[in-house]
Amino acid sequence: MPVSVSVIMPAYNEASNLAELVPRTLDVISTLGAEFELIVVDDGSDDDTPTVMAGLSDLAGVHSLRLRRNSGKSAALSAGIRHAHGDVIVLMDADGQDEPKEIPGLLDALAGGLDLVTGRRVQRNDRFVKRSTSKVYNAVTASVTGVSGHDFNSGLKAMQRELATSLELYGELHRYIPVLAEWSGFQVGEIDVVHHARLRGQTKFGRARFWRGFLDLMTVKFLTTWTARPFHLFGGIGVMLGVLGSALLAWMAVLRVTGHAVGNRPALLGGVLLVVVAVQMISLGLIAELIVHLRRNANLDDATIEES
């Protein structure tokens with residue numbers, strides 16, 4: 001068993017659920033035979049969450065953090081991780097859909113050699129639309145990132161402290177913790193867990209989460225693929241645009257030499273525009289490479305090197 005366990009529970013307007021879920025979670029983690037703490041991060045709730053947490057804070061091992069305004073799940077998780085002291089960090093939602101009794105199984109998976117284990121919700125108790133879009137999201141994420149997984153966005157996760165403190169979570173990047181972890185060289189995996197219907201209240205994620213998630217998927221793809229070699233991306237795009245623009249301009253030059261008027265042809269403007277954008281993209285790639293080079297020299301870090 002780990003030396004200590006920190007359970008982080010982000011909550012936004014979940015007062016009615018916290019009153020039941022916090023004691024249930026304490027009943028489980030108090031039997032682990034390890035030091036424990038339960039950190040509830042109030043993400044700027046405007047219901048009775050502060051009052052409920054004021055009463056629950058008298059329970060042994062319960063701590064409460066409150067963000068001044070609603071900043072999103074990633075920000076809440078990041079705040080909780082910064083204040084956690086455990087050697088193992090467990091993440092779970094405050095809506096009651098995650099089963100606290102699954103925590104020992106997650107810890108067993110970590111003890112088996114994983115750095116991050118995600119609870120795979122085999123039988124999801126959500127609306128049909130949410131289940132369907134989640135399947136599409138997981139399939140697209142696995143395809144784009146190359147990371148195998150069936151439930152990237154599950155709220156129930158356990159990870160080693162080293163991994164947790166290395167995460168930079170903002171926007172909607174909490175959805176891609178397994179991707180970021182594997183990209184950093186950590187061992188990730190999934191285990192089947194029980195998933196319940198929401199205890200009370202309504203989900204706080206609206207339709208906007210779809211396009212925000214798509215944009216953050218692009219961010220993750222860029223961070224995990226092109227961070228160390230940005231010129232390959234920007235320079236590649238620039239070369240392709242430059243070749244196309246040069247071909248159009250060469251065509252216009254041939255027509256002009258053979259006596260045809262080219263001043264009013266859209267291809268001329270298109271060719272000039274493509275060449276200008278190509279030069280800008282190549283220049284952007286070179287500047288990005290310079291920034292990466294300077295940062296690498298200024299921050300020599302052997303955190304990913306293991307001595308045998």
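When Asp216 is tested against (1) modelled with pLDDT under 80; (2) assigned by TED's automatic domain parsing to the domain that holds Gly185; (3) loosely packed, with under 13 Cβ neighbours inside 10 Å; (4) more than 30 Å from Ser16 (Cα to Cα), just one condition goes unmet, and that condition is (3). Looking across the range 103-129 at every residue that is in contact with a strand residue (DSSP E or B) (Cβ under 6 Å, 6 or more places away or on another chain) and basic (Lys, Arg), the one that is surrounded by the most Cβ atoms within 10 Å (Cβ to Cβ) is identified as Arg121.
Just one of the listed residues (Asp93, Asp115) is in the same structural domain as Glu37 (by TED's automatic domain parsing), of a type in the set (D, E, K, R), closer than 26 Å to Phe222 by Cα and at pLDDT 90 or above, namely Asp115.
Restricting to the range 23-75, and then to whatever is hydroxyl-bearing (Ser, Thr, Tyr) and out of contact with any helix residue (DSSP H, G or I) (no Cβ under 9 Å at 6 or more places or on another chain), can you tell me which residue is modelled with the lowest pLDDT?
Ranking the candidates gives Ser57 first.
Within the range 130-149, being small (Gly, Ala, Ser), farther than 13 Å from Arg120 by Cα and either buried (at least 16 other Cβ atoms within 10 Å of the Cβ) or within 14 Å of the chain's Cα centre (by Cα) (or both) holds for one residue alone: Ala142. When the range 60-84 is limited to residues that are out of contact with any Asp or Glu (no Cβ under 9 Å at 6 or more places or on another chain) and loosely packed, with under 13 Cβ neighbours inside 10 Å, the one that is nearest to Val28 (Cα to Cα) turns out to be Ala60.
Every test in (1) over 26 Å from Lys101 (Cβ atoms); (2) at pLDDT 85 or above is passed by Tyr137 save one, and that test is (2). Any residue in the range 176-188 that is closer than 16 Å to Leu91 by Cβ, in contact (Cβ under 8 Å) with a residue 40 or more places away in the chain, part of a strand (DSSP E or B) and touching a strand residue (DSSP E or B) at 6+ places or on another chain (Cβ under 7 Å)? Looking through the range 176-188, at least one residue is closer than 16 Å to Leu91 by Cβ, in contact (Cβ under 8 Å) with a residue 40 or more places away in the chain, part of a strand (DSSP E or B) and touching a strand residue (DSSP E or B) at 6+ places or on another chain (Cβ under 7 Å). Within the range 23-35, residues that are assigned by TED's automatic domain parsing to the domain that holds Ala111 sit with their Cβ atoms under 8 Å from residues that are polar (S, T, N, Q) and surrounded by 16 or more Cβ atoms within 10 Å (Cβ to Cβ), at 6+ positions apart or across chains, in these pairs: Ala34/Ser4; Glu35/Ser4. The single residue among Gly263, Gly245, Gly285 that is farther than 30 Å from Tyr170 by Cβ, at pLDDT below 95 and either in contact with a Pro (Cβ under 9 Å, 6 or more places away or on another chain) or buried (at least 16 other Cβ atoms within 10 Å of the Cβ) (or both) turns out to be Gly245. Restricting the range 251-260 to residues that are of a type outside the set (D, E, K, R) and assigned to a helix (DSSP H, G or I) leaves a set whose member that is surrounded by the most Cβ atoms within 10 Å (Cβ to Cβ) is Met252. In the range 252-263, the residues that are within 22 Å of Leu274 (Cα to Cα) reach residues that are assigned to a loop (DSSP other than H, G, I, E, B) and of a type in the set (Lys, Arg) with C-beta atoms within less than 7 angstrom, at least six apart or across chains, in these pairs: Met252/Arg265.
With a requirement of 1 or more residues that are closer than 25 Å to Phe152 by Cα and either over 25 Å from the mean Cα position of the chain (by Cα) or among the charged types (D, E, K, R) (or both), the helices (runs of 4 or more DSSP H) lying completely within the range 1-107 that satisfy it span 15-29, 73-83.
Right, Thr224: β-branched (Val, Ile, Thr), at pLDDT below 80 and surrounded by 16 or more Cβ atoms within 10 Å (Cβ to Cβ) or not? Yes: the conditions hold for Thr224. Here Leu248 meets the list (1) over 23 Å from Glu289 (Cβ atoms); (2) in contact (Cβ under 8 Å) with a residue 12 or more places away in the chain; (3) outside any helix (DSSP H, G or I) almost entirely, failing just condition (3).
The values are calculated or read from the model by the stated rules, or taken from the named source; none is laboratory data. All values reported here derive from a predicted model rather than from experimental measurement. Note that we place each Cβ from the backbone using ideal geometry, even for glycine, and neighbour counts take in every protein chain shown.
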